[in-house]
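The values are calculated or read from the model by the stated rules, or taken from the named source; none is laboratory data. Predicted, not measured: the structure shown is a model, and the values here were computed from it. All Cβ positions, even for glycine, are placed from backbone atoms using ideal geometry, and neighbour counts span all protein chains on display. Calculation scope for accessible area: heavy atoms of the full protein, side chains included, ligands and nucleic acids excluded. Shrake-Rupley method; radii C 1.70, N 1.55, O 1.52, S 1.80 Å.
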Amino acid sequence: MLSSLLIQQWKEKTRAPYWQKSIAINIFLIIIALYLIGNMLFISFFIDSILLDIFPATEVVKSFSGILIFYFLTDLFMRFFMQPLPTLSVQPYLTLPIHKNNLFHYILIKSIPNFFNLIALVFILPFYFKVVCTTKPAAFCVAWLITVFSLVLINNYLNFILKKYMLKRPSFIIIFILLIAGLFYLSGAEILPVNDYFAALLWYVANHFYWVIIPIALLIAIYALAFRMIRENRYIQNQQQEKKRNLGNFSVLSNYGETGNLLKTELKLLFRNKRPKSTLYVSLMFLLYGFIFYTNEKYINNYPWLIFIAVIVTSGFVITYGQFFFSWEGSFFDLYLVQKISIYNYLKSKYLFVSFFGILSFIITLPYAFFNIEIAYINIAIMLYNIGVNTIILLFFCTYNTKAIDLSRSPFMNYQGTSASQFLVGIPIFLLPLLLYLPFSLFGHREYGILFIGLTGFVAIILHKYLLQYVEKQFLSRKYKLAVDFRKK
Amino acid sequence: MIEFHQVKKIYGTQTALSVENLQIKQGECVGLIGNNGAGKTTLLSLILDLIPATEGLVKSKDKIVSKTEDWKTYTGSFLNEGFLIPYLTPIEFLEFIAGLHHKNIADVKQFIADNAGFYVDNMYEKKYLRELSAGNKNKVGILATMLINPEIIILDEPFANLDPSSQSWLKLKIKELHANGITFIISSHDLRHVTEISSRVLLIENGLIIKDTHTNPDTLQELENYFQPQFS
């Protein structure tokens, strides 16, 4: 029974459309994963000497036990945003003659082999074998390991419970983040040495073998909670959620003809669907990048860096949203092909849509000029360039991005719709402004370089009609290909 | 109104549709019949320029559909869910379509009132199209084709998923619009519906039109005989 479920699980994974379609992306992701694992291995092997440097007076095993609390907090935080709830895939089995409790156990157990648990293994085991096993008595070693891995699994299931709970009350997410940040702060500022308390606890359990019953009992309790949650939520999809909706209608735009009508629909796309909405939130975080870089002496007078940062803070939304210009509408692309919509106006509405957000990002990030007034000039230049040139580049390259996007899914760890062209498009967007700037800076006139970037953008904005007509031709030559691929779900 | 000239649609080595010559005149109500994979949707998609023909030309009002966009002003079409915007409410969707044809909200409200028999109860609910049942989605899509004062309406299996009273309503509506001179091309698996509403029936099999006949009282029996399973 369980084996056929597991085989089907394997098929689900290997036959998933994204896995079969984009090998390049998968290779890229695997390389990133291997890199992370390699780093963790390295840290784990050498952390004893690092710890000895930081806490010379403490026994290494004890200081490692202490810092584990930070590892677990970070782990929980990352899981919260990246590890999906594994509930949906059992729908077809619910009506088959399989004991339902078995299905729920299966869901919970199959969540164990995942990336975060692998990272935990890689981070803990090398240290364990190298230091704990060689310096501590056997009973201590066994108890320590059982406790630590119970905690890893507790995180695994705690994440599901938190997620389910917080999806209902989004304000709790902020409290959750503040709580974790607060713990980090309190111990960092040595007000509340959380790590010492945690180490002491772990120490006590490891030294009194029978106390391992506590972490194990805790794990079982959390598992039981998660089990109950999944069982209670099995009908949730069938329930009609009667939510009070405040439907913004953006009716002002109705007065602006076809383009206004399209813009209105695009705004609704942005605010009424999970994935585009999350993209908006993520790009809000791009706005904050300035605080990391502008506060650093190294970057504040370095023009190439300032240009680069300006692209990130003023173009974050334009790039993250614009890379999927047509893919967002993949599920109803046919409608746009048969309706009375001029392709030019269709493209222009997208151009205006992201331009508006480009200008908005610029205005929001304008206060960064307090760090250095030159930031304002650079950001104006980049904003003009972004609207004039980048949007056109994105529109052009999007005609090659033929993967539709499921609007209702979360963007975290979701590479649906991502294709190699996205990585390629990053090159002109980030490098072209630097290339425009470079010749002037070589002759010592960096302000002319900035001026040139801005001028290029300005001219491109003036010429937008011709550029859009060029994109229109490209779009027409690609529309059947886009439509065919968008129809494949 | 619609003409096919030596049209072929080939996928790889397989010919999905091959139509030597087909003329659909203004005011006709054409029913397309055929088993799954016969080429009905391919034929409709070619008229709507959703897929390019491998060979030949499709014309609408004497203009090649892939070269001009004039047909979009007088053609209403609904083939599948891909013709609906999932995150709009039914009203917003109809408003969007109406806006493209220079109509306003008042026109939409009048239209809904005129067609109250089809779908009015849920029309003003604040539900997104993606949350509606398959039948109700179809209703919105079908209404959208009629909203734009079309000269020709193209529907792919419009009776599927509809409840009985909506099916009767739709049949009457199609007859009424047909009487007013609107051209229809409708595919369906329901032989009874098709023979009841259409003035002409095209039977498609393996990408070929193997029967093209004006509907007469015997047509239903002939079609039923044709699709009779052959047990040996």
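Structure notes:
- Residues of region B:24-69 buried by at least 30 Å² on assembly (accessible area, 1.4 Å probe, chain alone as reference): B:ASP49, B:LEU50, B:PRO52, B:GLU69
- Dipole of chain A, positive direction: furthest Cα of A:ILE319, A:PHE293, A:TYR480, with charges on the beta-carbon: A:TYR480
- Region A:2-232, relative contact order in percent, only Cα pairs under 8 angstrom and at least six apart counted: 31
- In sequence order, region A:123-136 has phi-based couplings of 7, 9, 4, x, 5, 4, 6, 6, 10, 4, 5, 8, 10, 10 Hz under the Karplus curve 6.51 cos²θ - 1.76 cosθ + 1.60, θ = phi - 60°, and Gly or Pro positions carry x.
- Interatomic Cα distance distribution for chain A, bins of 10 angstrom, percent: 3, 15, 22, 23, 20, 11, 4, 1
- B:ALA53 long-range amide H proximity, modeled H, under 5 Å: none
- Dipole magnitude (debye, nearest 20) for the protein assembly as shown, charges at Cβ of Lys, Arg, Asp, Glu: 680
- Note on the protein assembly as shown: antiparallel DSSP beta bridges, both residues inside, total approximately 55 percent of the bridges counted.
- Full extension of the chain segment joining A:LYS274 with A:TYR344 gains 22.4 nm, where the gain is 0.36 nm per residue of separation less the Cα-Cα distance.
- Counting only protein heavy atoms and a 1.4 Å probe, region A:2-232 has 56 square angstrom of accessible area per residue.
- Rounded to 5, percent antiparallel among DSSP beta bridges of chain B: 55
- Per the Debye calculation on region A:2-232 with a single equal scatterer at every Cα and no solvent contribution, log₁₀ I(q)/I(0) for q = 0.14, 0.15, 0.17 Å⁻¹ amounts to -1.07, -1.20, -1.40.
- R0 of 22 Å, Cβ-Cβ distance A:VAL459-A:LEU431: FRET efficiency to nearest 0.05: 0.70
- Average beta-carbon neighbours from other chains, 10 Å sphere, peptide B:82-92: 6
- Region B:2-226 - accessible surface per residue (Å², probe 1.4 Å): 41
- Set B:LYS8/B:LYS63; A:LYS348/B:LYS67; A:LYS11/B:LYS126; A:LYS350/B:LYS67; A:LYS100/A:LYS163 screened for pairs whose C-alpha atoms are more than 28 Å apart: A:LYS11/B:LYS126
- Taking amide H positions as modeled 1.01 Å from N, with prolines and chain starts lacking one, the residues under 5 Å from B:SER77 and 5 or more places away or on another chain are B:ILE154.
- Given charges at beta-carbon only (K, R positive; D, E negative), |dipole| of region A:279-420 in Debye: 200
- Taking amide hydrogens as placed 1.01 Å from N in the peptide plane, the amide H of B:GLU205 sits under 5 Å from those of B:ILE210, each at least 5 positions away in sequence or on another chain.
- For region B:2-226: Kirkwood Rh in Å [reciprocal of mean 1/r, alpha carbons]: 18.1
- Peptide A:323-332, shielding by other chains (average Cβ, 10 Å cutoff): 2
- The value of relative contact order for chain B, using C-alpha pairs under 8 Å at least six residues apart, is 28 percent.
- Rounded to whole numbers, the Karplus 3J(HN,Hα) couplings from phi for region A:154-163 are 4, 4, 3, 8, 4, 4, 4, 5, 4, 4 Hz, using 6.51 cos²θ - 1.76 cosθ + 1.60 with θ = phi - 60°, and x at Gly and Pro.
- Apolar share of the accessible surface for chain B: 47 percent from carbon plus sulfur atoms, 1.4 Å probe.
- Each residue of region B:136-148 was assigned a 3J(HN,Hα) from its phi angle through the Karplus curve 6.51 cos²θ - 1.76 cosθ + 1.60 (θ = phi - 60°); the sequence is 5, 4, 4, 4, 5, x, 5, 4, 4, 5, 8, 5, 8 Hz, with glycine and proline shown as x.
- Remark: region A:93-221 carries a charge dipole of roughly 500 debye about the Cα centre, counting +1 on each Lys and Arg Cβ and -1 on each Asp and Glu Cβ.
- Once the Cα atoms are used to define both axes, helix A:446-462 deviates from the longest principal axis of chain A by about 70 degrees.
- Inverting the pair-averaged 1/r between distinct Cα atoms of region A:252-487 gives 18.4 Å as its Kirkwood hydrodynamic radius.
- Using the average count of surrounding beta-carbon atoms within 10 Å as a protection proxy, the listed peptides A:33-39, A:93-99, B:203-209 rank, highest first, as B:203-209, A:33-39, A:93-99.
- Solvent-accessible area assigned to carbon and sulfur over region A:80-237 amounts to 74 percent, based on a 1.4 Å probe.
- Across the accessible surface of region A:249-361, with the other protein chains kept in place and a 1.4 Å probe, carbon and sulfur atoms take up 66 percent.
- For chain A, the 222 nm mean residue ellipticity estimated from helices alone, with every DSSP H stretch of n ≥ 4 adding -39500 (n - 2.57) and the total spread over all residues, rounds to -24000 deg cm²/dmol.
- Heavy-atom accessible surface that B and A bury in contact, both chains counted, 1.4 Å, Å² to 100: 3000
- Ranked packing of B:46-59, A:111-124, most packed first, by mean Cβ within 10 Å: B:46-59, A:111-124
- Selection from B:GLN228, B:ALA113, B:ASN161 lying farthest towards where the dipole of region B:83-232 points positive, charges on Cβ: B:ALA113
- Dipole of region B:11-103, positive end: most advanced residue of B:GLN26, B:LEU50, B:GLY82 [Cβ charges, Cα centre]: B:GLN26
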